Amino acid sequence: MQTTDLFSITVSINHLSDVVQQIQEIAKEAGNVDWLKDYGMPIGTLLLSAGIAYFSAISGYKWQDKFQVNKLKVDTVNKTIMTFQNMQGTLLSLKSNYASSLPADPLQRACAMPKLIYSYNPVALNYEHLIQVIMSTDENLYQNPWLHIASYISMQDQFNQLNKIIEARNEVDFQVKDALATKYGRKNFTFLEVLQGVDPIAMQKYIELTEVIINMIDNMIVSSNDFLNNFPHLAKQLMGKNLSKHYKMISVYKNISDAAKELQKRTIPLNVTLTAQLLNIPESDVQEKLCDQSYTIQTRDISTH
């Protein structure tokens, strides 16, 4: 049986006495506490600071998010405009190789167009970002073709397809001229010699590919010119008050080159009747296959309707 530890009991009683005395003193002081001053105001200040910090953070996040979205839109507008400028420059450069020497005769046109030496990268527009710019609920703008993503898809597909057509035409051009040079032993040929010296199938490919290139380049020059003259102003309307004074967006397009303006005009039209006779196909087929301008994208003047 354990004996009782009197010393431990004495120490415990003393500690208990001290605790009771501290509790009594706290109770006395509590009667003199100013709850509003000592507790209410500090807690209220803390809550107010927390509230201000919270709403400031929310406001800052929204402002940053809006800035980033608007910056993305401005970047998209600028990049798209510069892409169309590069496209137009490439098209005008290609057209400058033959524009001044093309008659209406289909065979003479094919022979007059040289092998096209070119180098350009395929166009890759960012449709996802572009949609964020051109989406609009303004019914007055709905008829504008540059508010519809289909216009951009059409332009990109045509421009990238042109590369393959030029490659095919260059191959046929080499084959035709090489065959004629081998047969006649010279580089210059008469109209009759070309007719007699070129295989009918190769002749048809030669003329068709030449006319497809001429028509496509003309159509895309008209479309790109329409875009550059109308889209910068349209983009400015769409952005409205969200434009930053410090982050600039292209707002106008100017082309002061007389040579460029001359090249923007359509090429001398193809003689459809003569082409139909030469290829032995109906004139309607010639018109549809080689002279189709329905792919041209142009902004309609709403004020005239």
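List of remarks:
- Of Asp218, Asp199, Asp226, all but one fail to be under 23 Å from Asp173 (Cα atoms) and in contact with a Ser or Thr (Cβ under 6 Å, 6 or more places away or on another chain); the exception is Asp218.
The rows are residues; the columns are (1) more than 19 Å from the chain's Cα centre (by Cα); (2) hydrophobic (A, V, I, L, M, F, W, C).
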| residue | (1), (2) |
| --- | --- |
| Asn229 | no, no |
| Leu234 | no, yes |
| Leu238 | no, yes |
| Leu243 | no, yes |
| Leu279 | yes, yes |
| Ser294 | yes, no |
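Residue-wise test of (1) at pLDDT below 90; (2) surrounded by 14 or more Cβ atoms within 10 Å (Cβ to Cβ); (3) hydrophobic (A, V, I, L, M, F, W, C).
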{"site": "Gln22", "(1), (2), (3)": "yes, no, no"}
{"site": "Ala30", "(1), (2), (3)": "yes, no, yes"}
{"site": "Val33", "(1), (2), (3)": "yes, no, yes"}
{"site": "Tyr39", "(1), (2), (3)": "yes, no, no"}
{"site": "Leu46", "(1), (2), (3)": "yes, no, yes"}
{"site": "Val69", "(1), (2), (3)": "yes, no, yes"}
{"site": "Asp75", "(1), (2), (3)": "no, yes, no"}
{"site": "Ser96", "(1), (2), (3)": "no, no, no"}
{"site": "Ser136", "(1), (2), (3)": "yes, yes, no"}
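- Tally, over the range 249-258, of residues that are modelled with pLDDT of 85 or more, out of contact with any helix residue (DSSP H, G or I) (no Cβ under 7 Å at 6 or more places or on another chain) and surrounded by 10 or more Cβ atoms within 10 Å (Cβ to Cβ): 0
- Test set (1) at pLDDT 90 or above; (2) surrounded by fewer than 15 Cβ atoms within 10 Å (Cβ to Cβ); (3) closer than 22 Å to Asn280 by Cα - Pro122 fails condition number: (3)
- Scanning the range 142-160 for residues that are surrounded by 14 or more Cβ atoms within 10 Å (Cβ to Cβ) and of a type in the set (S, T, N, Q) gives Asn144, Ser151, Ser154, Gln156, Gln158, Asn160.
- Among the residues of the range 189-232, just one is assigned to a loop (DSSP other than H, G, I, E, B) and either in contact with a His (Cβ under 7 Å, 6 or more places away or on another chain) or surrounded by 20 or more Cβ atoms within 10 Å (Cβ to Cβ) (or both), namely Val198.
- Candidate set from the range 164-183 (those that are of a type outside the set (A, V, I, L, M, F, W, C) and surrounded by 14 or more Cβ atoms within 10 Å (Cβ to Cβ)); member that is farthest from Asn97 (Cα to Cα): Gln175
- For the range 71-188, the helices (runs of 4 or more DSSP H) that sit wholly inside it and include 1 or more residues that are within 24 Å of the chain's Cα centre (by Cα) and touching a residue at least 24 places away in the same chain (Cβ under 8 Å) are 127-134, 149-184.
The values are calculated or read from the model by the stated rules, or taken from the named source; none is laboratory data. Being a predicted model, the structure only gives us computed values, none of them experimental. All Cβ positions, glycine included, derive from the backbone under ideal geometry; neighbour counts span all protein chains shown.
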